[in-house]
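**Student:** One structure is given below, represented as structure tokens, and several questions about it will come after.
The values are calculated or read from the model by the stated rules, or taken from the named source; none is laboratory data. The model shown is predicted, which means the values in this text are computed figures rather than measured ones. All Cβ positions, even for glycine, are placed from backbone atoms using ideal geometry, and neighbour counts span all protein chains on display.
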Amino acid sequence: MDKKQFTDYFLERFILEFSELTFSKVSELHISLSDLEGLKSDIFLENAYGDYLSEYKNIEAITQDRINQLKNQASRNASVNSSNIFPVLKPLSFLDNVRKQLGETNNSDGDLSMVFHKLNEDIFIFYVFNTQESMNFVLQEDLDKLNINASDIRKIAVENLEEHFSKIDVSIKRMEYPGKGNIFLLSTDKNYEASALLSAMLWNKKILPVKGDFVAFVPTRSMLLVVGSKDTQGIQDASTVATQGYEEIGYSISPYGYLKKDDQWIRFDS
């Protein structure tokens, strides 16, 4: 196929695949699309045509790749709503890896488009648009579109998280463990247990009757352990459980315990 035939082929496939979008040919290897709100964007096919000419992929694989890209973008656009913003905890290593990857692609400041705040020396708060199908990181351009200040996003995200918890099963139980420590384990949807660290509603001695100040462990995104700062055996047992979870379960965050001081979480030194 020449460039005209290639463009016409993609235009026809896009129209068949996305009945809710409007596509039009701008020029060879350039297609415009409009969504239901009238927002327009451009699709450039130079790279796809290059793959076609090099026979690196067959035409069906190339076409499906672009269709999948459009589907992913449409899904993300649909999720951009302030009520979908949730907080997620990530380790410092996650941020370092993002910066390294972007540096390798000569995009040295690209990571700055991801909205995040520092919780402490080990942990950062990132934000995602949460839907049943996916989690997409919140970017600065999303906040601009939603007219949200970066300083307000944590409050919005935590309120959404608490609303989410009110609609699903959340349990806080004393953990059965061979030691004599008093360890409490929060269980919910396997995605936002660690994020519950940010909810002020949780940190109440009536809910978590621990000895001393609250010490929390968030080894993975799906695990939140709470003990008291004066419970020596509990601290030891929770540390053992947290270290094992950090090493063996996916989406690891930190093996350390953190002491609650007002609104801050400081690494606990036993």
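**Student:** Are any residues in segment 216-241 assigned to a helix (DSSP H, G or I) and either assigned by TED's automatic domain parsing to the domain that holds ASP122 or surrounded by fewer than 23 Cβ atoms within 10 Å (Cβ to Cβ) (or both), and if so, which ones? Quick ask: steps written out before the conclusion?
**Tutor:** Here is the first cut: in segment 216-241, the residues assigned to a helix (DSSP H, G or I) are 232-241.
Matches in segment 216-241: THR232, GLN233, ILE235, GLN236, ASP237, SER239, THR240, VAL241.
**Student:** For segment 45-97, which residues satisfy the criterion of being outside any helix (DSSP H, G or I) and in contact with a Leu (Cβ under 9 Å, 6 or more places away or on another chain)? Spell out the reasoning first.
**Tutor:** Filtering segment 45-97 down to residues outside any helix (DSSP H, G or I) leaves 45, 55-58, 80-81, 85-91.
Result: LEU45, VAL80, ASN81, ILE85, PHE86, PRO87, LEU89.
**Student:** Checking the structure you have, find out if any residue of segment 96-113 is within 21 Å of SER195 (Cβ to Cβ), touching a Pro at 6+ places or on another chain (Cβ under 8 Å) and either of a type outside the set (Lys, Arg) or modelled with pLDDT under 90 (or both).
**Tutor:** Taking every residue of segment 96-113 in turn, none turns out to be within 21 Å of SER195 (Cβ to Cβ), touching a Pro at 6+ places or on another chain (Cβ under 8 Å) and either of a type outside the set (Lys, Arg) or modelled with pLDDT under 90 (or both).
**Student:** Using the structure shown, decide if TYR251 is in contact (Cβ under 8 Å) with a residue 12 or more places away in the chain and under 21 Å from ASP189 (Cα atoms). Show your work before the answer.
**Tutor:** Numbers: in contact (Cβ under 8 Å) with a residue 12 or more places away in the chain: yes; under 21 Å from ASP189 (Cα atoms): yes.
Yes.
**Student:** Under the condition of being in contact with an Asp or Glu (Cβ under 7 Å, 6 or more places away or on another chain) and part of a loop (DSSP other than H, G, I, E, B), which residue from segment 1-33 is farthest from PHE44 (Cα to Cα)?
**Tutor:** Only one residue tops the list, namely LEU21.
**Student:** Continuing with this model, one more query. Consider segment 145-154. How many of its residues are at pLDDT 90 or above, surrounded by 11 or more Cβ atoms within 10 Å (Cβ to Cβ) and either in a helix (DSSP H, G or I) or outside the structural domain of LYS118 (by TED's automatic domain parsing) (or both)?
**Tutor:** Of the residues in that region, 5 qualify.
**Student:** Say we look at segment 196-215 and pick out the residues that are assigned to a loop (DSSP other than H, G, I, E, B) and under 22 Å from PRO87 (Cβ atoms); which of these is nearest to the chain's Cα centre (by Cα)? Walk me through it before giving the result.
**Tutor:** Initial filter on segment 196-215 (assigned to a loop (DSSP other than H, G, I, E, B)): 199, 203-213.
Going one step further and asking which of them are under 22 Å from PRO87 (Cβ atoms), we end up with 199, 203-204, 207-208.
Working: SER199: 17, TRP203: 24, ASN204: 27, ILE207: 28, LEU208: 28 Å.
Among those residues, the one meeting the criterion is SER199.
**Student:** Taking segment 155-184, which residues are farther than 22 Å from GLN132 by Cβ and part of a helix (DSSP H, G or I)? I'd like the intermediate steps shown before the answer.
**Tutor:** Our first condition is that a residue be farther than 22 Å from GLN132 by Cβ; within segment 155-184, this holds for 155, 172-184.
Of everything in segment 155-184, just one residue is farther than 22 Å from GLN132 by Cβ and part of a helix (DSSP H, G or I), namely LYS155.
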